[in-house]
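Notes follow the structure.
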Amino acid sequence: MSDDVEVREQEEPKDRPRRFQRFAGLMGVIRLLFDGTILLLVMLIIGFIVFANGVDRERIEPAHPADGITVLTGGVSRIDEAIKLLSQGKAKRVLITGVNRGTTLEQLKELSSQGDQYFACCVDVDKEARNTIDNATETAQWVTLNQYSSIIVVTSNYHLPRALAELERALPGVALIPYPVVDNNVHVERWWHYPGTTRLLLSEYLKYLPALGRLWATNLARMTLQGTSVPPEDEPEP
């Protein structure tokens, strides 16, 4: 009887890690990579569904005026919507960022249904930005130059999450007021029925994830630096 107990006690340690033997050796590594890939894909799919369903379906009017308006080019009606907000007294100035270098001021004026009177006094044009990261950089310089503390962000509804992430990274402490421009050709309300809209949203989602990662990394770095201080050097007594 005692011999049987000793045999079981000796076998138990060998049986305990049996559930981990699935990941032992080369096949175990392959299984681990496969399981990790499946888990990552599932998380990405769930995240995409949440992202697509969270895109604004309608225009949201700013509740309060801001100091400035930044409009990111790319959609046909974005500039017109920004100038409308300016004409309604929602801000002091407008920055049109990401304008093609071959586009003239006269061509930009034609995109505004409010006429061209605002372009002479209250509109700045940026032709340096080539992407959303550049848009955020140029907007940050414009905000700093004008000493603004709040801006309305005008861009397409599907592009707004990424634009806000890049702007928040470049403009800490500045209030960002989203103004989604709804394109009737992008059917976000039933995106799964429209392959073109699905591809557009998926492309935007895959660009949004790195932008979100950059924002988190920047915020983490700022929090770390805030806790770091350099003691002042001893000053000689008078």
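Given R0 = 35 Å, the distance between the Cβ atoms of Leu33 and Leu176 translates into a calculated FRET efficiency of 0.30. Placing one identical point scatterer on every Cα of the stretch 139-211 and ignoring solvent, what is log10 I(q)/I(0) from the Debye formula at q = 0.15, 0.24 Å⁻¹? Debye output, listed in q order: -0.57, -1.05.
Our estimate of slack between Ser87 and Asp134, defined as 0.36 nm per intervening residue step minus the Cα-Cα distance, is 14.3 nm. Ranking Thr132, His187, Ser112 by Cα position along the charge dipole of the stretch 95-238, where only Lys, Arg, Asp and Glu carry charges on their C-beta atoms, puts His187 farthest toward the positive end. The charge dipole of the stretch 84-238, taken about its Cα centre with unit charges on the Cβ atoms of Lys, Arg (+1), Asp and Glu (-1) only, comes to about 800 debye.
Residue order by solvent-accessible surface for His159, His193, His187, His64 is His64, His193, His187, His159, largest first, with ligands and nucleic acids left out and a 1.4 Å probe. Computed from the C-beta positions of Leu111 and Ala217, the FRET efficiency with R₀ = 30 Å rounds to 0.25.
Under the definition of Cα pairs under 8 Å and six or more residues apart, what whole-number percent is the relative contact order of the stretch 93-238?
Numbers: 137 pairs, mean separation 27.7, N = 146.
Worked out over the stretch 93-238, it gives 19 percent.
Placing pseudo-labels 7 Å out from each Cα toward the beta carbon at Ser150 and Arg101 gives an inter-label distance of 3.7 nm. Computed log10 I(q)/I(0) for the stretch 86-164 at 0.18, 0.19 Å⁻¹: -0.84, -0.94, from the Debye equation with unit scatterers placed on every C-alpha and solvent omitted. Using 7 Å Cα-to-Cβ label points, what is the Cys122/Leu206 separation (nm, one decimal)? With each label point 7 Å from Cα toward Cβ, the separation is 4.1 nm. For the stretch 79-238, the percent of C-alpha pairs falling in each 5 Å distance bin, counted from 0 to the bin holding the largest distance, reads 1, 8, 14, 17, 18, 14, 10, 7, 4, 2, 2, 1, 1, 0, 0, 0.
Under a 5 Å amide H cut-off, with hydrogens placed 1.01 Å from N, Ala66 pairs with Ala91 among residues at least 5 apart or on other chains. Around Lys92, under 14 Å between beta carbons, what's the net of Lys plus Arg minus Asp minus Glu among the other residues? Charge balance in the 14 Å sphere: 0. Seen from His187, the other residues with C-beta closer than 15 Å to its C-beta sum to a net charge of -2, counting Lys and Arg as +1 and Asp and Glu as -1. The listed residues Lys109, Lys92, Lys207 rank as Lys92, Lys207, Lys109 when sorted by accessible area, largest first, using a 1.4 Å probe.
The values are calculated or read from the model by the stated rules, or taken from the named source; none is laboratory data. In this text, all values refer to a predicted model and were calculated from it rather than measured experimentally. Every residue, glycine among them, receives a Cβ derived from its backbone with ideal geometry; neighbour counts consider all protein chains shown. Protein only, heavy atoms only, side chains kept; ligands, DNA and RNA dropped before computing areas. Shrake-Rupley method; radii C 1.70, N 1.55, O 1.52, S 1.80 Å.
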